[in-house]
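Below is one structure, written out as structure tokens, with a few remarks after it.
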């Protein structure tokens, strides 16, 4: 069943990648748990295998023909076509985790002859790959203080990589600035790939591919999965950039399994509804936080950035985001002790890593998601001991605000007691 291009994304996504008429009229796709698939004849089998391995001169196999679930699976295909529809692009690939997606994309488009340039901050796992793994295979890694540094750099990379908004302090980066520079400095032989980790916003709120990015990356565990019951990653993009991603996924073996794929396909049917509600509640929570004195707020919303005088970031948000999303961070006065007192006092928010799910979550980046990041890098990124990250779920916003209000009071009392001890 081909989606009607005249329909909006919410409509096209419901049956994207799936035709009930081909499955006894079942309104939902089946889960194909088969590891291997029978060829109709030897010639077709040869064509499928030769095509899968990129052998020149191979016959064109039938569309949607499957060989082995490491190479592709009907349930995986449904989920991938559904995400490609949401991102309005040629192809999407699901992986067994967000880190599998990120590491595969990095390996596919960097080498000893193709450097990686990136701008931080990044998720701690991504930072580890960039700092400690790909340099060991000869990849030259260059950290940019800002994308504005591109014009002062010598040479050209194989990939420019960013997260925007960034984890966990929500800095925003100008995607079109990077894509314009990459286009101007690419050659026919050496195309510079711009890869954007869009986990915090996409595909509802921000669309990097529309801004010229080549690869759009997700931890699909987050908003795409959205129920804290699946671990997955994804990469989407145009066919040229995705070809290497699929090749490397085939041989690294990091694809999502059929059950995960089915859950992802299910979750994408409600993606826009969940995100809209989460964003609505997040704005109410942020409005409350703005009333609190001595509380530093980290937000990717235009109005919050303008309020603290960061007009440059506010202009970027206005250009490339629908809104600021459902994630935020606050810096609790009093460092780790006060932050822990805050976290331990929460009731509606659950103390756990991850984000983008139906439940609201809170965590301490310095000791949790970014525990493996060096103290120097944490300091540069603004990941302080008092920083707490909040992900807004589907609970009533008034209950979330009351929960934060109670926990802030506990944190204030904790700081007051600690100060009294120091003075006595």
All but one of (1) assigned to a helix (DSSP H, G or I); (2) touching a helix residue (DSSP H, G or I) at 6+ places or on another chain (Cβ under 7 Å); (3) surrounded by fewer than 20 Cβ atoms within 10 Å (Cβ to Cβ) hold for residue 348; state the number of the condition that does not hold.
(1)
Residues in segment 355-365: is at least one over 17 Å from residue 163 (Cα atoms) and either over 20 Å from the mean Cα position of the chain (by Cα) or not assigned by TED's automatic domain parsing to the domain that holds residue 394 (or both)?
no
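To keep it simple, each residue is scored yes or no on (1) at pLDDT below 95; (2) in the same structural domain as residue 341 (by TED's automatic domain parsing); (3) buried (at least 22 other Cβ atoms within 10 Å of the Cβ); (4) in a helix (DSSP H, G or I).
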site: 369; (1), (2), (3), (4): yes, yes, no, no
site: 379; (1), (2), (3), (4): yes, yes, no, yes
site: 393; (1), (2), (3), (4): no, yes, yes, no
site: 399; (1), (2), (3), (4): no, yes, no, yes
site: 402; (1), (2), (3), (4): no, yes, no, yes
site: 413; (1), (2), (3), (4): yes, yes, no, yes
Of all residues in segment 271-304 being assigned to a helix (DSSP H, G or I) and free of Cβ contacts under 8 Å to residues at least 60 places away in the same chain, the one that is nearest to residue 12 (Cα to Cα):
273
Just to verify a result, which residue in segment 321-333, among those that are surrounded by 22 or more Cβ atoms within 10 Å (Cβ to Cβ) and touching a helix residue (DSSP H, G or I) at 6+ places or on another chain (Cβ under 7 Å), is farthest from residue 204 (Cα to Cα)?
332
Against the definition (under 9 Å from the mean Cα position of the chain (by Cα) and either in contact (Cβ under 8 Å) with a residue 24 or more places away in the chain or assigned by TED's automatic domain parsing to the domain that holds residue 106 (or both)), how does residue 234 come out, yes or no?
yes
Please return the ranges of helices (runs of 4 or more DSSP H) entirely within segment 173-270 where 3 or more residues are within 15 Å of residue 109 (Cα to Cα), modelled with pLDDT of 95 or more and touching a helix residue (DSSP H, G or I) at 6+ places or on another chain (Cβ under 9 Å).
239-252
Given the conditions (1) at pLDDT 95 or above; (2) in contact with a helix residue (DSSP H, G or I) (Cβ under 7 Å, 6 or more places away or on another chain), which single one is not true for residue 112?
(2)
Those residues that are buried (at least 18 other Cβ atoms within 10 Å of the Cβ) and under 23 Å from residue 379 (Cα atoms), I need them from segment 106-128; list them, please.
116, 117, 118, 119, 120, 121, 122, 123, 124, 125, 126, 127
Which pairs have Cβ atoms under 6 Å, sit 6 or more apart or on different chains, and link a residue in segment 152-171 that is at positive phi and in contact (Cβ under 8 Å) with a residue 60 or more places away in the chain to one that is assigned to a strand (DSSP E or B) and surrounded by 24 or more Cβ atoms within 10 Å (Cβ to Cβ)?
none
Quickly run through segment 173-208 and pick out the residues that are surrounded by fewer than 24 Cβ atoms within 10 Å (Cβ to Cβ) and in contact with a strand residue (DSSP E or B) (Cβ under 7 Å, 6 or more places away or on another chain).
173, 179, 182, 192, 205
Residue count, segment 129-155, condition surrounded by 13 or more Cβ atoms within 10 Å (Cβ to Cβ) and either assigned by TED's automatic domain parsing to the domain that holds residue 365 or farther than 21 Å from residue 213 by Cβ (or both), comes to 4
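So that you can scan it fast, the table gives a plain yes or no per residue for (1) part of a loop (DSSP other than H, G, I, E, B); (2) under 18 Å from the mean Cα position of the chain (by Cα); (3) in contact (Cβ under 8 Å) with a residue 60 or more places away in the chain; (4) not assigned by TED's automatic domain parsing to the domain that holds residue 171:
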| site | (1), (2), (3), (4) |
| --- | --- |
| 313 | no, no, yes, yes |
| 329 | no, yes, yes, yes |
| 372 | yes, no, yes, yes |
| 406 | no, no, yes, yes |
Determine, yes or no, whether residue 34 is surrounded by 11 or more Cβ atoms within 10 Å (Cβ to Cβ) and farther than 24 Å from residue 83 by Cβ.
no
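The values are calculated or read from the model by the stated rules, or taken from the named source; none is laboratory data. The structure presented is a predicted model; accordingly, all values stated were derived computationally and were not measured. Here the Cβ is made from the backbone with ideal geometry for all residues, glycine too, and neighbour counts use every protein chain on show.
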